[in-house]
Amino acid sequence: MLTVRPDRVAGLCYRYYLVLSRSSFRVMDIVFWPVMDLLVWGFVSNYFSSLGGSAPQAVTFLVGGIIFFNVLYRAQQSISVSFLEDLWSRNLLSIFVSPITVAEFVSATYVVGVAQALAVTLIMSVMAAFLYAFNMLSLSWYLIPLFVNLLVMGWWLGLGTTALILRYGYQAEALAWAVPFLLQPVCAVFYPVSVLPAWLQTVAWFVPATHVFEGMRHILAGGNQCAVYLIKASLLNVLYWVATTVFFGAMISRARERGSLAKIVT
Amino acid sequence: MSAVIEVRNLAKKFDKATAVEDISFTIEKGEFVGLLGQNGAGKSTTIQILLGLITPTSGDVRIFGYSPWKERVKVLERSNFSSAYVAMPPNLQVRENLEVFARLYGVRNRSRKIDELLSLFAVDHLARKMTGALSSGESTRVNLCKALLNDPELLLLDEPTASLDPDIADKVRGLLRQIQKERGLTVVYTSHNMTDVEELCHRVLFLHRGRIIAQGTPGEIVENLGESSLEEVFIAIARDTLKIPPTPVSKKHDSDAEVVRGKLSETAERENEEPC
């Protein structure tokens, strides 16, 4: 299961590239919604700023939050939605009976997730610079670990969602879209953790993205003590990544035992 | 000859339902074996176990000496699968889909191999056509191209001629027979079309309620069970109206395998004697 041959991963990535480039729906999904998010939230925060108030950095925080949340969302989607698309097109059986290991299959979706997240971040950053004078590079070198932490969180969320689809079949497919938005209110994308009720704050600190978004706001507000946020986010990510990998492996084994893998892919 | 597939006392239970119950068989190199039975007889479960998609409840399976679920990559590198019910991404061209699978199977000289197979199955004119726009017959032939990309030693075919018109089905049968003979392929074939089975298979395993109840050449099965054709045998087994009850196969498995080995050798000798 743990064997990874780069040529086979490259073969799967080539396939994802072809499928994606031929699907106007998927291209729209990747570009259209993030851009709409950026426009709506950016102009709303511009409006609130124009009303005057005590939050002059509202636009910066919101725009930064939207761009970074899309990193997590894209990484998660690249795994779970790619899996669902293969299911819908009855193509998964051909993949599962070719000499592809589970690790190679998952690795390819990780690579596709990185490519999609980078593309979305680039497009949104350029737009944000023109429309709201928001400079992503103002996060300096922190940009990289913040991005990587959200990417990894997207990966394990996608893996966990796919494991649930393997376990519960088509009835769980809505999770592919719902899971990131279930976490969004808790992980302080658009507001600081301090606005959450006390009990929810405790929950929020167990989510790696919470530390990333708090760290991002800290840097954008001119702070320079982001390391603690990054360390906590990284530790939580490693823990959850290992746990979801074990969970995914267990679900694959269970699906093989119960025959549901054969049922779901045929 | 050497065994490509060895199945020993294989059983698979799903909760309380038994899909496969204590079946044993051996398939030798170069054999074309039909796996027959009505819906729910256990043939899909058996094929899925051979493909490593299902783990058995008990028993053992060896393909090329490897376990298909513990050492699946070693097995799948040397085998391939095609089914009428499997699709490839519809929005990719035929050639692109074959290119992807050629990469997954680590095929060298991909372009040449794809050209060769498209030409063999007379679908070279479809190379740039979208896979989703193919007819059933075209799709079946493209799936067979995919199944031969890695020059497999073992081919598992699940109802490859389902939904084909008689003309195309006959052409596909002809091609399969030719390829199997030329390459010495081992083929496991499931079908509900008894013409396919009678024309193609050296040996047939009849499954009923998870057990192998008869095996032998198509002619032997018809004769031993006192029916007039393989189709009549199929119907009689499905309706429990066989005139001669079958002997439990697991007890006479080894002697049957010897008989088949002998018949295959005779066939091979005859074919070698035929003038070119």
*Only residues that are away from every other protein chain (no Cβ under 12 Å) and buried (at least 20 other Cβ atoms within 10 Å of the Cβ): list them for segment B:132-147, please.*
B:Leu134, B:Thr140, B:Arg141, B:Leu144, B:Cys145
*Looking only at segment B:76-97, count how many residues are more than 7 Å from every other protein chain (Cβ to nearest Cβ) and either in contact (Cβ under 8 Å) with a residue 40 or more places away in the chain or under 14 Å from the mean Cα position of the chain (by Cα) (or both).*
8
*Only one of (1) within 14 Å of chain A (Cβ to nearest Cβ); (2) crowded, with 18+ Cβ neighbours inside 10 Å; (3) at pLDDT below 95 fails for B:Phe121. Which number is that?*
(1)
_Looking only at residues that are surrounded by fewer than 23 Cβ atoms within 10 Å (Cβ to Cβ), of a type in the set (Gly, Ala, Ser) and over 25 Å from B:Glu77 (Cα atoms) in segment B:1-20, which one is farthest from the other protein chains (Cβ to nearest Cβ)?_
B:Ala11
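Kindly evaluate A:Ala117 against the criterion of being touching a helix residue (DSSP H, G or I) at 6+ places or on another chain (Cβ under 6 Å), assigned to a helix (DSSP H, G or I), among the aliphatic types (A, V, I, L, M) and free of Cβ contacts under 8 Å to residues at least 60 places away in the same chain.
Details: touching a helix residue (DSSP H, G or I) at 6+ places or on another chain (Cβ under 6 Å): yes; assigned to a helix (DSSP H, G or I): yes; among the aliphatic types (A, V, I, L, M): yes; free of Cβ contacts under 8 Å to residues at least 60 places away in the same chain: yes.
Yes.
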*Filter result for the condition that a residue is farther than 18 Å from B:Leu144 by Cβ, free of Cβ contacts under 8 Å to residues at least 12 places away in the same chain and either facing chain A (nearest Cβ under 8 Å) or among the aliphatic types (A, V, I, L, M) (or both), over B:Val73, B:Val61*: B:Val73
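Inside segment A:226-266, can you point out the residues that are among the β-branched types (Val, Ile, Thr) and within 14 Å of another protein chain (Cβ to nearest Cβ)?
If the condition is that a residue be among the β-branched types (Val, Ile, Thr) and within 14 Å of another protein chain (Cβ to nearest Cβ), then A:Ile252, A:Ile264, A:Val265, A:Thr266 are the ones that fit.
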*Do the conditions hold for B:Ile23, that is, is it aliphatic (A, V, I, L, M), within 13 Å of chain A (Cβ to nearest Cβ) and farther than 17 Å from A:Ser260 by Cα?*
no
*If you scan segment A:183-223, which residues turn out to be in a loop (DSSP other than H, G, I, E, B), surrounded by fewer than 16 Cβ atoms within 10 Å (Cβ to Cβ) and of a type in the set (Gly, Ala, Ser)?*
A:Ala221, A:Gly222, A:Gly223
_Restricting to segment A:20-49, give me the number of residues that are over 20 Å from the mean Cα position of the chain (by Cα) and within 11 Å of chain B (Cβ to nearest Cβ)._
4
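Please go through segment A:231-251 and pick out each residue that is aliphatic (A, V, I, L, M) and surrounded by 18 or more Cβ atoms within 10 Å (Cβ to Cβ). Step through it out loud before you land on a result.
Keep residues of segment A:231-251 that are aliphatic (A, V, I, L, M), which gives A:231, A:233, A:235-236, A:238-239, A:242-243, A:246, A:250-251.
Correct list: A:Ala233, A:Leu236, A:Met251.
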*Which of the residues belonging to segment A:97-114 are small (Gly, Ala, Ser), in contact with a helix residue (DSSP H, G or I) (Cβ under 6 Å, 6 or more places away or on another chain) and in a helix (DSSP H, G or I)?*
A:Ser107, A:Ala108, A:Gly113
*asked:* So for segment A:53-75 (the condition being of a type in the set (Ser, Thr, Tyr), modelled with pLDDT of 85 or more, in a helix (DSSP H, G or I) and under 30 Å from B:Val142 (Cα atoms)), does at least one residue qualify?
replied: no
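The values are calculated or read from the model by the stated rules, or taken from the named source; none is laboratory data. Predicted, not measured: the structure shown is a model, and the values here were computed from it. For neighbour counting, all protein chains shown are included, and Cβ atoms are generated from backbone atoms with ideal geometry for every residue, glycine included.
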